[in-house]
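Shown next, in structure tokens, is the structure this report addresses.
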Amino acid sequence: MSETSTGQAATKPSNWNLPNALTTLRIVLVPFYGWALLYDGGDSITWRTVAWAIFFVAMVTDKIDGDIARARNLVTDFGKIADPIADKAITGMAFIGLSIIMDTWWMWTITVVVLVREWAVTLLRLSVLKSVVIAAARSGKWKTAAQALALGFLTLPLLEVDGWLDVPGEITYGFAIVLLLVAFVLTLWSGYEFFRDVWKQRASLRTPTAD
């Protein structure tokens, strides 16, 4: 083994680090979030609020673990694989759980289309991780933000509250539905951009280069 290879191996970060611990925490939180969201058919104000708190923690740790990993050079192969899986697991659980609660054809349609797109992109990104680098597009970041806000708001028991919170709850619910539709459009567009960029990268890899 060359000195360069030895040096790279020595400086390679361990999988046992804070960013990976936060990623693992997000994965562990998924079933608890789903249980709290669907408790009593989704009609429990208390447990819907608990579900929102879990979802909020998951979204915050998603931001924190990425920032820490890049700032402290703690990016690992485990993190590259587990991080997108954790993200898709928690948002996928939210989409499915909310579809069960709302039980409308349009919500199920959005859920199926979004999940197929998200997992197709994730699996393709992981499969070409070592040979092709696909930078995160701005539309993808907007999609992630819109999804997080929409799913977070819809997780709250906005239509279950009474009294002075009744009208604010309905207004917030309407706003969340608009955000969900925006996220749906951005999901389709960013997916198109991703597959387009992968195709361009693959085409460039086939181009022979001079030794």
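The values are calculated or read from the model by the stated rules, or taken from the named source; none is laboratory data. Source: prediction; values computed, not measured. For neighbour counting, all protein chains shown are included, and Cβ atoms are generated from backbone atoms with ideal geometry for every residue, glycine included. Accessible surface is based on the protein model in full, side chains and every heavy atom, while ligands, DNA and RNA are left aside. Shrake-Rupley method; radii C 1.70, N 1.55, O 1.52, S 1.80 Å.
Results for (1) surrounded by 11 or more Cβ atoms within 10 Å (Cβ to Cβ); (2) more than 16 Å from the chain's Cα centre (by Cα); (3) modelled with pLDDT under 80; (4) farther than 23 Å from I100 by Cα, shown as yes or no for each residue.
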site: T122; (1), (2), (3), (4): yes, no, no, yes
site: V128; (1), (2), (3), (4): yes, yes, yes, yes
site: G140; (1), (2), (3), (4): yes, no, no, yes
site: L149; (1), (2), (3), (4): yes, no, no, no
site: V167; (1), (2), (3), (4): no, yes, no, yes
site: E170; (1), (2), (3), (4): yes, yes, no, no
site: E193; (1), (2), (3), (4): yes, yes, no, yes
site: T207; (1), (2), (3), (4): no, yes, yes, yes
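Just a yes or no: is a residue in the range 98-118 on the phi > 0 side of the Ramachandran plot and over 13 Å from the mean Cα position of the chain (by Cα)?
Yes, the range 98-118 contains a residue that is on the phi > 0 side of the Ramachandran plot and over 13 Å from the mean Cα position of the chain (by Cα).
Any idea which residue in the range 65-103 is nearest to V113 (Cα to Cα), counting only those that are at pLDDT below 85 and among the β-branched types (V, I, T)?
Checking each candidate, the answer is I81.
Test R117 against the criterion of being in a helix (DSSP H, G or I), in contact with a Gly (Cβ under 6 Å, 6 or more places away or on another chain), modelled with pLDDT under 95 and within 23 Å of K63 (Cβ to Cβ), and give yes or no.
The answer is yes for R117.
From the set of residues in the range 9-35 that are assigned to a helix (DSSP H, G or I) and among the polar types (S, T, N, Q), which is surrounded by the fewest Cβ atoms within 10 Å (Cβ to Cβ)?
Among those that are assigned to a helix (DSSP H, G or I) and among the polar types (S, T, N, Q), it is T11.
Would you check which residues across the range 18-30 are over 13 Å from D87 (Cα atoms) and without any contact (Cβ under 8 Å) to a residue 60 or more places away in the chain and list them?
Residues satisfying the conditions are L18, A21.
Tally time: how many residues in the range 36-94 are over 25 Å from K12 (Cβ atoms), open to solvent by 50 Å² or more (accessible area, probe 1.4 Å) and not in a helix (DSSP H, G or I)?
1
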